[in-house]
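Before any comments, here is the structure.
Taken together, the values in this text are just the output of simple stated rules run on the coordinates, not laboratory data. Remember, predicted model here, so these are calculated numbers, not experimental data. Virtual Cβ from ideal backbone geometry, glycine too; neighbours counted across all protein chains shown.
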Amino acid sequence: MNHSDLQNNLKDFIEEIYPIIKKYNIHYNIHPDDPPYNVYGLPRIVSNEKDINFIVNIKKDTNVGLTFCTGSLGVNKKNNLVNIIKKYGSYINFIHLRNIRHIPKSLDFYEDDHLNGSLDMVSIIKAILKEEKKRKNNNHPIKQIPMRPDHGHTILHDQFNSIIPGYSLLGRMKGLDQLKGVIKAIN
């Protein structure tokens, strides 16, 4: 399968489930590829703005939207996350905020603290808040976009517990607190 085959399958899938989405007013979200580049020769389907444009134009309905994951999209150095929010913000139905650090001259990256790393989290949050204000004025069905601090470092007490990597309680709470601080400072 190649990229076009995956897109055609996705389109067929969305066409098939769309009547259910509409009947029950479901906000169906597609998460970007993680990482947003081919792995072991397997193509990806949601890695950049062109892919997002394809998805939102299948139905041109905000019920068929996007989980905006800053970490997944941010790994692709060509992705301008603020511009993606400005252009496709009405289709963002859920947000994962995490930061990554690019390794120079490489596709490699690692998870960083929410306010450190290669991504400008303050500008990203400003763009999200601007989208939410726009939604309130335009009667969008989702006024405040649900968000979670995605992936946190294993710190303190979590180091001694069995956890799923990236989903530590304290590391994500630290990230949430940092993100809430940015939101409060902007507002």
For this session: Please identify, among Lys133, Lys50, Lys23, the residue showing maximal mean-square fluctuation in a Gaussian network model of the chain using a 10 angstrom Cα cutoff.
Result: Lys23
Exercise. Got a sec to turn the phi values of the stretch 18-23 into Karplus ³J(HN,Hα) couplings, 6.51 cos²θ - 1.76 cosθ + 1.60 with θ = phi - 60°, whole Hz, x for Gly and Pro?
Worked result: 4, x, 6, 4, 5, 4
Exercise. Percent antiparallel among DSSP beta bridges with both residues in the chain, to the nearest 5?
Worked result: 30 percent
Seminar exercise, completed: Listed by chain and number, the residues whose amide H is under 5 Å from that of Asp112, excluding neighbours fewer than 5 places away on the same chain and using placed H, are Asn99, Ile100, Arg101
Exercise. Rounded to the nearest 500 deg cm²/dmol, what is the calculated helix-only ellipticity per residue at 222 nm for the chain, with -39500 (n - 2.57) per DSSP H run of length n ≥ 4?
Worked result: -14000 deg cm²/dmol
For this session: Pop out the ³J(HN,Hα) list for the stretch 169-176 in order, Karplus 6.51 cos²θ - 1.76 cosθ + 1.60 with θ = phi - 60°, rounded to Hz; leave Gly and Pro as x.
Result: 5, 6, x, 6, 5, 4, x, 4
For this session: Would you please give the FRET efficiency between Gln159 and Leu129, computed as 1/(1 + (r/R0)^6) with r the Cβ-Cβ distance and R0 = 35 Å, to the nearest 0.05?
Result: 0.55
Problem set entry | Gaussian network model of the chain, springs between alpha carbon atoms under 10 Å - residue of Val75, Val56, Val39 with greatest fluctuation | Val39
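Relative to the Cα centre, what is the charge dipole magnitude of the chain, using +1 at the beta carbon of each Lys and Arg, -1 at the beta carbon of each Asp and Glu, and rounding to the nearest 20 debye?
Rounded to the nearest 20 debye, it is 900 debye.
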Exercise. When the chain is modelled as a GNM with alpha-carbon springs shorter than 10 Å, which of Ile128, Ile155, Ile52 fluctuates the most?
Worked result: Ile155
Exercise. Can you pull the percent of Cα pairs in the chain with separation above 22 Å?
Worked result: 50 percent
For this session: Compute the signed sum of charges (Lys and Arg +1, Asp and Glu -1) over the other residues within less than 15 Å, Cβ to Cβ, of Ile100.
Result: -4
Exercise. Fewest first, what order do Phe94, Phe68, Phe160, Phe13 take by the number of other Cβ atoms within 10 Å?
Worked result: Phe160, Phe13, Phe94, Phe68
Exercise. How much length is gained on full extension from Ile26 to Asn38, taking 0.36 nm per residue of separation minus their Cα-Cα distance?
Worked result: 1.3 nm
Seminar exercise, completed: Whole-Hz Karplus couplings 3J(HN,Hα) for the stretch 83-94, θ = phi - 60° and coefficients 6.51, -1.76, 1.60, Gly and Pro as x, run 5, 5, 5, 4, 7, 10, x, 5, 9, 7, 10, 7
For this session: In nm, give the distance between the simple-model label positions of Lys86 and Phe13, each being 7 Å from the Cα along the Cα-to-Cβ direction.
Result: 3.1 nm
For this session: Quick one: which residues, 5+ away or cross-chain, put their amide H under 5 Å from the amide H of Phe68? H built at 1.01 Å from N.
Result: Asn93, Phe94, Ile95, His96
